[in-house]
1. Once label points are set 7 Å from the Cα along Cα→Cβ at both residue 25 and residue 42, what is their separation, rounded to one decimal in nm?
2. I'd like to compare 34-40, 13-19: which one has the highest average count of other Cβ atoms within 10 Å, and what's the full order after that?
3. So what's the net charge close to residue 4: Lys and Arg +1, Asp and Glu -1, counting the other residues with Cβ under 15 Å from its Cβ?
4. Could you work out the per residue convex hull volume over the alpha carbons of the stretch 4-63, in cubic angstrom?
Amino acid sequence: MSGKVRIDDPGDTGFLIGELVSRKESYEENAKVQFEGGRQAQGSPLYRYIYKGQFLRYARQSLI
């Protein structure tokens, strides 16, 4: 996992739709907006995938 969030609904925050922000930044901004009585941003976690070609390259390097 990368610790990033893709913003789906910015709510009353300063984020943009599709923006990538850190989880910490998202949490802090949502806490601030919630305290002020606004709508929080909604986002989905961004996962990092390793493709088969990358995996094979790393596997070969580790065997050498």
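1. For the pair residue 25/residue 42, the computed spacing is 2.2 nm.
2. Numbers: 34-40: 11.4, 13-19: 14.0.
Final packing ranking: 13-19, 34-40.
3. Working: positive: 6, 23, 24, 48; negative: 8, 19, 25, 28, 29.
Every neighbour counted, the sum reads -1.
4. Details: hull volume 4.8 nm³, N = 60.
Per residue, the Cα convex hull of the stretch 4-63 comes to 79 Å³.
All of the numbers you see were taken from the coordinates with simple rules; none came from a lab. Since the model is a prediction, treat every value here as computed from it, not as a measurement. Because the Cβ atoms are built from the backbone with ideal geometry, glycine has one as well, and the counts that use them run over all protein chains shown.
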